[in-house]
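What follows is calculated from the coordinates using simple rules that are stated; it is not laboratory data. Keep in mind the model is a prediction, meaning the values are calculated, not measured. No Cβ is skipped: glycine too gets one built from the backbone with ideal geometry, and neighbour counts run over all protein chains shown.
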Amino acid sequence: MEEKITGSEILIRALADNGVDCVFGYPGGQIMPVYDKIYENEQGVFHYLARHEQGAIHAAEGYARATGRTGVVITTSGPGAMNLLTGLADALMDSTPIVAISGQVGSAMLGKDAFQESDVISSVLPVTKWALQVRRPEDIAPALSRAFYIANSGRPGPVVIDLARDAQVGTAVYEKQTIPFIRSYNSNPEPEKEAIEEAARLINDSKRPLVLAGHGIMISGAEKVLADLVEKGELPVGTTMLGLSSIPSDHPQYVGMLGMHGNLGPNINTNHADVILAVGMRFDDRVTGDIKKYAPNAKIIHIDIDESEFDKMIKCDIHLHSDARKTLEYLLPLIERKSRKDWRASFDVHRLVEEEQVMARELACEAPNGKMLMGGVVRKVCEAFGNDAVIVTDVGQNQMFAVKYSKFNKSRSLISSGGLGTMGFGLPAAIGAKIGEPNREVVLFCGDGGLQMTIEELGMIMEYGVGVKIVLLNNNFLGNVRQWQHLFFKSRYSSTPMVNPDFKMLAAAYGIKGADVACAAELDAAIEEMRKCEGAYLLNVNIDETDMVFPMTPGGNGVDEILLNESEYYKPV
Amino acid sequence: MEEQLFTIAVFTENRVSLLHQISMIFSRRCLNIESLTVSACSIEGVHKFTITCRSNRPMMEHVIKQIEKRIDVIKAFLYTDDEILFQEVALYKVPTDNVVNMNIEEIVRKHGARVLEIHPDYTVFEKTGHTHEIKELYDHLKPFGIRQFVRSGRVAVTRSSRELVDEFLEQRSKCILD
């Protein structure tokens with residue numbers, strides 16, 4: 001019989017056997033036996049010490065989103081586990097594979113208000129795909145195997161393993177687990193053949209088809225078949241925010257981003273399309289606007305691996321319940337080669353209006369008061385990195401300008417908190433992304449508000465030399481709320497102006513180089529300096545606080561009722 | 001939209017936290033569960049939740065999908081009353097002195113109830129039936145002073161000839177062999 005080892009050692013060996021080479025975490029009382037094994041580091045699982053558990057889980061999310069591999073977080077019980085909640089909710093919304101392991105008090109003390117005890121499972125169930133408390137060492141390996149399988153199959157999501165102290169210190173024989181079969185969970189459903197054929201017939205008969213590509217394209221690895229499909233049928237394709245970079249920005253069939261702050265072309269033409277093929281996206285309310293006015297002329301085909309998404313927001317005509325790549329591969333041979341040049345050209349009419357009436361001003365980069373405009377800064381930074389960088393954003397105006405003015409050559413190049421809209425996501429997510437993809441440049445665009453929510457993670461950059469380029473679009477305001485206050489609350493700027501620290505000095509305190517950019521004339525040289533810098537860098541850019549994100553579809557409007565500026569609706573000719 | 005009473009049957013693995021996982025789907029949407037019965041079912045290791053809830057059909061269909069999305073849920077079904085056979089059980093505890101002058105046999109016969117226990121202090125009747133039948137007996141006994149009354153949640157079986165959970169599990173067990 002094999003030797004018995006402690007549950008803590010089983011955990012580390014099982015992590016290694018599940019392909020984990022790094023974890024993000026923060027130690028504490030009820031996870032110390034596990035950290036004692038991390039100290040030995042015999043299994044090659046490297047631990048990155050965050051400065052806050054929320055930073056740890058966002059870093060794991062950034063790692064997972066950049067690589068497609070499962071991000072792992074380890075925390076202690078009570079406050080450690082509770083600090084994961086925001087990240088878990090974020091990962092659930094954005095289909096991000098996470099395995100979070102929280103220490104827990106000994107099972108004899110459970111439910112007795114022990115020091116640093118909290119009811120982790122009950123707390124995390126609404127924000128996880130699955131959660132389990134483990135009390136016996138022999139249950140650790142099967143639980144972990146199941147956790148990794150659930151987290152990164154089907155529609156990925158976060159999983160929590162709550163590890164009672166007994167399980168960590170007790171002993172058992174470790175046996176490597178194979179990926180389990182879970183009878184109640186079908187992670188790889190097959191689409192119905194008849195539905196595929198019907199979908200192909202609809203697309204082939206369509207004069208004005210529109211493909212809506214979501215995050216599912218990248219999760220399933222469907223980038224190539226998506227490109228093949230839209231080229232073969234000359235199908236225009238727009239993406240959701242999380243679908244950005246699933247097709248290159250300069251692809252001839254790419255027509256822009258959907259949604260509240262998306263591009264005019266795909267939003268306007270959503271309501272002219274006769275067939276919509278929605279792939280791995282969930283008709284988020286930011287994408288659809290008023291659902292009663294959404295796509296009135298279209299038959300809608302919805303491909304999703306999550307059956308609960310069907311008809312949740314928008315009633316669809318065909319449901320294809322399967323992985324995006326597999327389904328598109330079935331569809332591709334059935335799609336007829338067709339020319340749809342007039343339809344494709346109709347998007348360019350809207351694009352030209354947007355370029356002239358919205359983007360030109362932003363790209364000029366300079367506001368009348370000498371400060372800079374976010375769109376132009378984003379474009380210059382992206383181009384400096386050859387449009388090849390992984391773009392990470394925080395949440396707010398910085399995010400909207402980053403996603404609208406960046407261009408993407410490669411897949412998995414946009415990491416942003418979409419569904420939950422978590423301020424403070426950006427910095428730790430960028431760190432995790434750079435750790436996961438050390439050979440790619442990682443550029444974070446953030447605002448002064450969001451950066452300060454998790455600014456303690458500059459410590460992770462310092463400790464591990466993570467070469468993240470931080471572009472702080474600093475307007476000394478909570479800009480997005482300010483924009484809404486300006487438009488809808490009579491410019492009453494309640495709690496949105498910010499008195500800020502000297503960010504360059506703050507970065508310097510962490511040994512991070514940086515520069516303040518006061519005006520547009522200094523910008524190009526400063527970006528070049530940042531680009532040449534080997535390690536991390538913080539560019540503190542002086543942004544005009546009156547800068548606003550347009551086009552904009554205010555809440556309650558239809559997808560084609562779009563503001564070009566604060567007073568003028570777009571009226572297509 | 002028209003509201004009506006729906007019966008939801010959920011088949012799950014026998015694990016801790018399933019009740020929480022199911023109930024949170026209702027509470028998130030501010031849906032009130034009218035009744036809930038949970039027990040092991042005829043399939044070994046499988047538990048059955050029978051839930052009644054008053055709402056509209058689109059909401060209930062949405063809820064069913066959200067319940068099925070939970071990893072350890074095997075299947076969930078939505079029924080209206082015409083699709084199922086259903087019953088509740090009720091117990092009525094009445095002071096024996098107050099019923100001693102009544103014809104107990106008549107009560108039992110008329111309401112299809114039975115006497116569970118006759119004690120010098122109290123008598124307990126048991127009745128199985130639909131909600132309104134249980135209410136009728138309650139109203140009948142009320143003048144005699146009901147000391148305790150309790151009614152179970154609904155239990156239900158389908159009127160279908162097919163057993164969809166068995167079929168599903170059989171189909172899934174074939175997948176493991178592939």
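Say the dipole of the range B:4-79 comes from +1 at the beta carbon of Lys and Arg and -1 at that of Asp and Glu; which of B:PHE6, B:LEU19, B:HIS62 then lies farthest toward its positive end?
The residue sitting most towards the positive pole is B:HIS62.
Given axes a ≥ b ≥ c from the Cα gyration tensor, I'd like to know whether the range B:4-79 is rounded (a/c under 1.5), prolate (a/b larger than b/c) or oblate.
Verdict is prolate for the range B:4-79.
Using a 10 Å cut-off around each Cβ, can you sort A:THR75, A:THR270 from fewest to most neighbouring Cβ atoms? Walk me through the numbers before you get to the answer.
Values: A:THR75 28, A:THR270 25.
Exposure proxy ranking, most exposed first: A:THR270, A:THR75.
For chain B, what relative contact order do you get, as a whole percent, if you take Cα pairs closer than 8 Å and at least 6 residues apart? Provide the component values of the computation, followed by the final result.
Values: 292 pairs, mean separation 44.6, N = 178.
Across chain B, relative contact order equals 25 percent.
In whole percent, what relative contact order does chain A give with Cα contacts below 8 Å and a gap of six or more residues? Intermediate results must be reported in sequence, preceding the final value.
Numbers: 1345 pairs, mean separation 79.9, N = 573.
Answer for chain A is 14 percent.
About its Cα centre, how strong a charge dipole does the range B:4-79 have in debye, to the nearest 20, once Lys and Arg get +1 and Asp and Glu get -1 at the Cβ?
Details: 10 positive and 6 negative charges, 53 e Å.
So the magnitude is around 260 debye.
Putting +1 on Lys and Arg Cβ atoms and -1 on Asp and Glu Cβ atoms, find which of B:ASN98, B:HIS119, B:SER152 reaches farthest to the positive end of the dipole of the range B:85-155.
Sorting the options by dipole projection puts first B:SER152.
Could you work out the relative contact order of the range B:4-79? I mean the mean sequence separation of Cα pairs under 8 Å and 6+ apart, divided by the number of residues, in percent.
Details: 131 pairs, mean separation 36.5, N = 76.
Relative contact order here is 48 percent.
Once the Cβ-Cβ distance between A:THR171 and A:TYR464 is put in as r, and R0 is 35 Å, what FRET efficiency do you end up with, to the nearest 0.05? Before the final figure, lay out the partial values.
Numbers: r = 33 Å, r/R0 = 0.94.
Efficiency, rounded to the nearest 0.05: 0.60.
Kindly provide the helix-only [θ] at 222 nm of chain A, computed as the sum of -39,500 (n - 2.57) over DSSP H runs of four or more divided by all residues, to the nearest 500 deg cm²/dmol? List each step's numbers first, then the result.
Working: 24 runs with 210 residues, N = 573.
Value at 222 nm, helices only: -10000 deg cm²/dmol.
Classify chain A from the C-alpha gyration tensor, please: rounded if a/c falls under 1.5, else prolate or oblate depending on whether a/b exceeds b/c. Could you put the intermediate results ahead of the total?
Working: a/c = 2.01, a/b = 1.26, b/c = 1.59.
Since a/c reaches 1.5 but b/c is at least a/b, the shape of chain A is classed as oblate.
Taking the simple approach of a point 7 Å from Cα along Cα-to-Cβ for both A:GLU329 and A:ASP502, what is their distance in nm?
5.8 nm
In the neighborhood of A:ASN540, defined by Cβ-to-Cβ distances under 14 Å, what is the net charge if each Lys or Arg adds +1 and each Asp or Glu adds -1?
Values: positive: A:LYS371, A:LYS469, A:LYS504, A:LYS513; negative: A:ASP448, A:ASP502, A:ASP516, A:GLU522, A:GLU529.
Within the 14 Å Cβ shell, the charges total -1.
Taking the Cα centre of the range A:264-372 as the origin, how large is its charge dipole in debye, to the nearest 20, when only Lys and Arg (+1) and Asp and Glu (-1) carry charge on their Cβ atoms? Walk me through the numbers on the way to the answer.
Values: 17 positive and 20 negative charges, 51 e Å.
With only Lys, Arg, Asp and Glu charged at Cβ, the dipole is about 240 debye.
With springs only between Cα atoms under 10 Å, which of B:CYS53, B:CYS41, B:CYS30 fluctuates most in a Gaussian network model of chain B?
With Cα springs under 10 Å in chain B, the top fluctuation among B:CYS53, B:CYS41, B:CYS30 is at B:CYS30.
Show the residues, 5+ positions off or on another chain, whose built amide H is closer than 5 Å to the amide H of A:ASP290.
Residues meeting the amide H criterion: A:GLY556, A:ASN557, A:GLY558, A:VAL559.
Would you be so kind as to identify which of A:CYS365, A:ILE470, A:PHE550 lies farthest towards the positive end of the dipole of the protein assembly as shown, taking Lys and Arg as +1 and Asp and Glu as -1 on Cβ and the Cα centre as origin?
My answer, from the dipole projection, is A:PHE550.
Per the Debye formula with a single identical scatterer at each Cα and no solvent contribution, what log10 I(q)/I(0) holds for chain B at q = 0.15 Å⁻¹?
For chain B, the Cα-only Debye profile gives -0.91.
Where nothing but the Cβ of Lys and Arg (+1) and of Asp and Glu (-1) is charged, how large is the charge dipole of the protein assembly as shown around its Cα centre, in debye to the nearest 20?
On the way: 79 positive and 100 negative charges, 132 e Å.
Taking the Cα centre of the protein assembly as shown as origin, the dipole is about 640 debye.
Percent antiparallel among DSSP beta bridges with both residues in the protein assembly as shown, to the nearest 5? Write down the numbers at each step before the final one.
Working: 51 of 118 bridges.
DSSP beta bridges in the protein assembly as shown are roughly 45 percent antiparallel.
What is the fewest-to-most order of A:GLU42, A:GLU138 by other Cβ atoms lying within 10 Å of their Cβ? Before the final figure, lay out each step's value.
Numbers: A:GLU42 12, A:GLU138 17.
In increasing order of surrounding Cβ atoms, one gets A:GLU42, A:GLU138.
For every other residue with a beta carbon closer than 9 angstrom to the beta carbon of A:LYS232, add +1 if it is Lys or Arg and -1 if Asp or Glu, then tell me the sum. The partial results should precede the final answer.
Numbers: positive: A:ARG337, A:LYS338; negative: A:ASP228, A:GLU231, A:GLU234, A:GLU336.
Neighbourhood net charge equals -2.
Roughly how tilted is helix A:53-67, in degrees to the nearest 10 and between 0 and 90, from the longest Cα axis of chain A?
60 degrees
Net charge within 11 Å of A:LYS371 by Cβ-Cβ distance, Lys/Arg positive one each and Asp/Glu negative one each, not counting A:LYS371 itself? Can you show the working numbers first?
Numbers: positive: none; negative: A:GLU366, A:ASP544, A:GLU545, A:ASP547.
Here the count lands on -4.
Convert each backbone phi in the range A:33-44 into a coupling constant with the Karplus relation 6.51 cos²θ - 1.76 cosθ + 1.60 (shift: θ = phi - 60°), then list the ³J(HN,Hα) values in order as whole Hz, x for Gly and Pro.
So the J values, rounded to whole Hz, are x, 5, 5, 5, 7, 4, 4, 5, 6, 7, 9, x.
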